[in-house]
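Enquirer: Handing you a structure now.
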Amino acid sequence: MKAMTTKEKLLELLENHREEYLSGEELAKTLAVSRAAVWKAVKSLQQEGYPIDAVTNRGYRLSRGGDRLSAPGIRKYLKPEYRDLPITVAEETQSTNTALRALAEAGAPEGTVYLAQSQTGGRGRMGRSFFSPAGTGLYLSLLLRPTAWEPVRAAQLTAAAAAAMCEAIREVTGKESGIKWVNDLLLEGKKVCGILTEASFSMESGVLEYAVLGLGVNVYMPEGGFPGELEGIAGAVLESPGEDVRSRIAGEFLNRFLAGYEHPEDRSFLEIYRRRSIAVGREVTVLSGGHERRAFAYSVDDDCRLLVRYPDGREQALSYGEIRISIDN
């Protein structure tokens, strides 16, 4: 884990003492820097949008009411065993998955987390783009080096992530989302989260070297709504901002996903995935090879494949591809 800068250390102190004033002298002593360095760090954080109050003879405090993502802000919601995860929050990046893949190739450790306030080229499955405006979404990528997971089970990482995010959203906001096989979360019929898992395999051994698990969550409605092509398709978890909601969702997701990931024998995510599936028990359209076929989705198997039955009685286990459900707009 790289050494923290004075600004990062200051933000962590303010996050851990939110709404409590800390004097410049106290902060300088704790951080082992000059008061001028503290003042400079405060001004820099304020310019980045952190709501820091500065009051003469009282000091500095991070006021409540904001929802500005930061590594310390997320870390305080993590379980003790995960608080040392390397977490980076970029102001803007093309894609958190792209940025994290570069770090993975450079040897970044498992558990590295990369987030961004906004993405200029957010990506989804099938080469689609993911609308990623600043201040309204949670754009998070997690690096995994799953030696304990057999390569054949790597695809289940997406299902485990979907289950963990559903539970995180419920815990923080009370909203109940559903999973559209294989990687989308929906609320009231609209997509609020997409998941993209990208893996790197060794050409020589066929072994999974690492996987980058990326999630994009529309936490709040963007100002002015979604672009025309997404209107009626995309939705948000909440209509308006709440305090620390994005940091809390990030923390809840990491706690839940990593707890299961560390124990591959634990298959409890499957129960959540099946329970929250919006495809099971419905008529669906299977999209494959440029063709569309109607079918009935009757279950999800232990490998997270969608089990469908066609009108002629033939059954199929779908391990990849795409479906359309009658509730889709």
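Enquirer: Identify all residues within segment 72-126 that are exposed (fewer than 15 other Cβ atoms within 10 Å of the Cβ), touching a helix residue (DSSP H, G or I) at 6+ places or on another chain (Cβ under 8 Å) and among the charged types (D, E, K, R); write none if there are none.
Expert: LYS79, ARG83
Enquirer: All but one of (1) farther than 21 Å from THR147 by Cα; (2) open to solvent by less than 10 Å² (accessible area, probe 1.4 Å); (3) in contact with a Pro (Cβ under 9 Å, 6 or more places away or on another chain) hold for ALA234, so report the exception by its number.
Expert: (2)
Enquirer: Going by the conditions given, is ILE249 touching a Leu at 6+ places or on another chain (Cβ under 9 Å), aliphatic (A, V, I, L, M) and either open to solvent by 10 Å² or more (accessible area, probe 1.4 Å) or more than 17 Å from VAL192 (Cβ to Cβ) (or both)?
Expert: Values: touching a Leu at 6+ places or on another chain (Cβ under 9 Å): yes; aliphatic (A, V, I, L, M): yes; either open to solvent by 10 Å² or more (accessible area, probe 1.4 Å) or more than 17 Å from VAL192 (Cβ to Cβ) (or both): no.
In short, no.
Enquirer: Could you count how many residues in segment 252-266 are in a loop (DSSP other than H, G, I, E, B) and surrounded by 13 or more Cβ atoms within 10 Å (Cβ to Cβ)?
Expert: Here is the first cut: in segment 252-266, the ones in a loop (DSSP other than H, G, I, E, B) are 262-266.
Now drop any that are not surrounded by 13 or more Cβ atoms within 10 Å (Cβ to Cβ), which leaves 264.
Qualifying residue count for the region: 1.
Enquirer: Another question, if that's okay. Could you check how many residues of segment 28-49 are touching a strand residue (DSSP E or B) at 6+ places or on another chain (Cβ under 7 Å), open to solvent by 20 Å² or more (accessible area, probe 1.4 Å) and in contact (Cβ under 8 Å) with a residue 24 or more places away in the chain? Talk me through it step by step, then tell me what you get.
Expert: Start the filter on segment 28-49 by keeping residues that are touching a strand residue (DSSP E or B) at 6+ places or on another chain (Cβ under 7 Å), which leaves 42, 45-46.
With open to solvent by 20 Å² or more (accessible area, probe 1.4 Å) added as a condition, the list becomes 46.
After this cut, where a residue has to be in contact (Cβ under 8 Å) with a residue 24 or more places away in the chain as well, the list is none.
Matching residues across segment 28-49 total 0.
Enquirer: Of the residues that sit in segment 127-149 and are surrounded by fewer than 18 Cβ atoms within 10 Å (Cβ to Cβ) and aliphatic (A, V, I, L, M), which one is modelled with the highest pLDDT?
Expert: Looking at residues that are surrounded by fewer than 18 Cβ atoms within 10 Å (Cβ to Cβ) and aliphatic (A, V, I, L, M), I get ALA134.
Enquirer: Looking at (1) modelled with pLDDT of 90 or more; (2) outside any strand (DSSP E or B); (3) not small (Gly, Ala, Ser), can you tell me which one LEU230 breaks?
Expert: Going through the list (1) modelled with pLDDT of 90 or more; (2) outside any strand (DSSP E or B); (3) not small (Gly, Ala, Ser), LEU230 breaks only (1).
Enquirer: For segment 178-221, which positions are assigned to a loop (DSSP other than H, G, I, E, B), modelled with pLDDT of 90 or more and open to solvent by less than 30 Å² (accessible area, probe 1.4 Å)? Step through it out loud before you land on a result.
Expert: Initially, segment 178-221 is screened for residues assigned to a loop (DSSP other than H, G, I, E, B), giving 181-183, 188-189, 202-207, 219, 221.
Going one step further and asking which of them are modelled with pLDDT of 90 or more, we end up with 188-189, 219, 221.
Passing the criteria: GLY189, VAL219.
Enquirer: I need a count of the residues in segment 69-82 that are closer than 17 Å to TYR261 by Cβ and in a loop (DSSP other than H, G, I, E, B).
Expert: 2
The values are calculated or read from the model by the stated rules, or taken from the named source; none is laboratory data. Worth saying up front: this structure is predicted, and the values here are computed from it rather than measured. Counting neighbours? That spans all protein chains shown, and the Cβs are built from the backbone with ideal geometry, glycine included. Ligands, DNA and RNA are excluded from the accessible area calculation, which covers all protein heavy atoms including side chains. Shrake-Rupley method; radii C 1.70, N 1.55, O 1.52, S 1.80 Å.
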